[in-house]
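The values are calculated or read from the model by the stated rules, or taken from the named source; none is laboratory data. Keep in mind that what you see is a predicted model, and the values were worked out from it rather than measured. Cβ placement follows ideal geometry from the backbone for every residue including glycine, while neighbour counts extend to all protein chains displayed. Note: accessible area is taken over every heavy atom of the protein model, side chains too, but ligands, DNA and RNA are not part of it. Shrake-Rupley method; radii C 1.70, N 1.55, O 1.52, S 1.80 Å.
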Amino acid sequence: LGTATTPWQVQKLLRHSDKVIYCFDGDDAGRRAAWRALENSLSQLADGKQVAFLFLPEGEDPDTFVRSRGREAFETLLHQAQPLSEFMLHELSGRTELRTAEGRAKFLQNAKPLVKQVGAPMLSLMLRKRVAELAGVTQAELDQRFEIKEHLSRGVAQRRAAPQPSVLRKLAEMLAFEPSL
């Protein structure tokens, strides 16, 4: 199912449930399908909703696993499903060498389009903090390089920074509206 998962399908699933667990074969094809499902889930995420990934032992699919080991064993595995953020960061960090500057730069390059897609504000913040930590940069540096703007906090800061009208200006306005003063 992961190869066919679309953002529209993820949106539908998350409307009906607060937690979606993708279940894939543990082989390379299953991991590739999981990555596609992750990419299609990012823009649909909302704070309070969870997406997780479960990988079955190689050669198993949910049907054969339940038939051979039982429903309880499958439900036990469900509780061990890897959250989307952990899966994403594990996969990204496994593709580069984080001990080198070049590897960390590549890690950031790979993470940027994914992090920018996350629709959930708080999850986005948590991911950016973790990505910055893994790459050895500050979150402010990461946000600047990723061109991420915090609209709410920036708007508040701008309102506070607006200069107050001077007393002279207030007096001039009063005289303009009330010449008898």
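What the table below lists for this structure:
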| read-out | value |
| --- | --- |
| In the stretch 44-53, the residues that are open to solvent by 60 Å² or more (accessible area, probe 1.4 Å) and within 10 Å of the chain's Cα centre (by Cα) | 47 |
| Checking residue 14 against (1) free of Cβ contacts under 8 Å to residues at least 40 places away in the same chain; (2) part of a strand (DSSP E or B), the condition it does not meet | (2) |
| Elements of type helices (runs of 4 or more DSSP H) contained in the stretch 79-147, each with 2 or more residues being under 19 Å from residue 53 (Cβ atoms) and open to solvent by less than 20 Å² (accessible area, probe 1.4 Å) | 84-94, 101-117, 121-135 |
| The stretch 24-43, residues that are free of Cβ contacts under 8 Å to residues at least 40 places away in the same chain and either crowded, with 19+ Cβ neighbours inside 10 Å or under 14 Å from residue 120 (Cα atoms) (or both) | 24, 25, 30, 33, 37, 40 |
| Qualifying residues in the stretch 61-86 (those that are touching a strand residue (DSSP E or B) at 6+ places or on another chain (Cβ under 7 Å) and among the hydrophobic types (A, V, I, L, M, F, W, C)) - the one modelled with the lowest pLDDT | 65 |
| Residue 65 being open to solvent by less than 50 Å² (accessible area, probe 1.4 Å) and either touching a Pro at 6+ places or on another chain (Cβ under 7 Å) or assigned to a helix (DSSP H, G or I) (or both) | yes |
| Filtered residues of the stretch 93-104 (kept if touching a residue at least 24 places away in the same chain (Cβ under 8 Å) and of a type in the set (A, V, I, L, M)) | 98 |
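Here is a yes/no grid of residues against (1) within 20 Å of residue 148 (Cβ to Cβ); (2) hydroxyl-bearing (Ser, Thr, Tyr):
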site	(1), (2)
65	no, no
71	no, no
74	no, no
78	no, no
81	no, no
91	no, no
96	no, yes
105	yes, no
115	yes, no
